[in-house]
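Below: the structure, in structure tokens.
The values are calculated or read from the model by the stated rules, or taken from the named source; none is laboratory data. From a predicted model like this one, the values you see are computed outputs, not experimental measurements. Because the Cβ atoms are built from the backbone with ideal geometry, glycine has one as well, and the counts that use them run over all protein chains shown. Each accessible area value is taken on the protein alone, full model and side chains, heavy atoms only, with ligands, DNA and RNA left out. Shrake-Rupley method; radii C 1.70, N 1.55, O 1.52, S 1.80 Å.
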Amino acid sequence: MKNRLKVLRAERDWSQAELAGRLDVSRQAVNAIETGKHDPSLPLAFRIARLFEMRIEEIFDDGENP
Amino acid sequence: MNARNSSEPGPGEARTRQRRRRQMIFLAVAAVLGGVIGGATGFFDQGDGNLFAGGWEQMKLPPALAIGIAVLLLGGFLALPLYGFKMVDDYKREINLVAFTGGCLSVLSGFPIWAVLHAGGFVPAPHAFGIFAIAFVSMYASFLFARWRL
């Protein structure tokens, strides 16, 4: 699944470790999500959306949206 | 909000370091446990066997020590992994599930394959340590595959 996590993180000048700590996940998890290797669980997707004060679909794109 | 330009690590970086520290402690405990089990087994074995080089049926340990090592093995192969599952996040849990699945499927397919190859006269008869080794090695290989290729 495509996502804007890397861009949003860069806009705030956060390292992967910084974002990982704020989301309470490992740095490897952030890297895997950013590179599209891993789709976050629904609770984690909500935490990400809340952290960036956006809606989930503004961050993640499952390719189904017109 | 700017974590990189600050001399102090951000709150997220601090939590990530704490997580990494916990993980290192977990690995250190596992390594110490493994060392104690291996060391005690090797040091106190009164027979001619060897847990890793074959002939483990001929191992002979004092009964109390055998029970103690069995408890440590239970901790190392059951309690510690289960605790580890609780400690890691979704991503690492997924990798570990792939690893455990790889180990389990290898045993399920490995034993009958080994048995029929033995029946055909190609290999020696299946033995317990061989099955354990299949599980362990394939679990580790599955972990590496999941971590770097999936």
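Collect the residues in the range A:33-54 that are away from chain B (no Cβ under 11 Å) and modelled with pLDDT under 95, keeping them in residue-number order.
Those that are away from chain B (no Cβ under 11 Å) and modelled with pLDDT under 95: A:35, A:36.
Which residues, taken from the range A:5-15, are more than 7 Å from chain B (Cβ to nearest Cβ) and either open to solvent by less than 30 Å² (accessible area, probe 1.4 Å) or modelled with pLDDT under 95 (or both)?
A:5, A:8, A:9
Run down A:33, A:59 and say which single residue is in contact with a strand residue (DSSP E or B) (Cβ under 8 Å, 6 or more places away or on another chain) and within 24 Å of residue B:144 (Cα to Cα).
A:33
Kindly indicate which of B:82, B:73, B:33, B:65 is open to solvent by 90 Å² or more (accessible area, probe 1.4 Å) and modelled with pLDDT of 90 or more.
Selected residue: B:82, the only one of B:82, B:73, B:33, B:65 that is open to solvent by 90 Å² or more (accessible area, probe 1.4 Å) and modelled with pLDDT of 90 or more.
Just a yes or no: is a residue in the range A:28-43 among the β-branched types (Val, Ile, Thr), under 20 Å from residue B:86 (Cα atoms) and free of Cβ contacts under 8 Å to residues at least 40 places away in the same chain?
Yes, the range A:28-43 has at least one match.
Can you name the number of the only condition in (1) in contact with a helix residue (DSSP H, G or I) (Cβ under 9 Å, 6 or more places away or on another chain); (2) open to solvent by 90 Å² or more (accessible area, probe 1.4 Å) that residue B:46 fails?
Exception for residue B:46: condition (1).
(1) within 14 Å of chain A (Cβ to nearest Cβ); (2) surrounded by fewer than 13 Cβ atoms within 10 Å (Cβ to Cβ): which one isn't true of residue B:97, the others all being true?
(2)
Just one of B:76, B:47 is outside any helix (DSSP H, G or I) and assigned by TED's automatic domain parsing to the domain that holds residue B:27; which is it?
B:47
Every residue in the range B:116-135 that is part of a helix (DSSP H, G or I) and either touching a Cys at 6+ places or on another chain (Cβ under 9 Å) or exposed (fewer than 13 other Cβ atoms within 10 Å of the Cβ) (or both), please.
Of everything in the range B:116-135, those that are part of a helix (DSSP H, G or I) and either touching a Cys at 6+ places or on another chain (Cβ under 9 Å) or exposed (fewer than 13 other Cβ atoms within 10 Å of the Cβ) (or both) turn out to be B:116, B:119, B:128, B:135.
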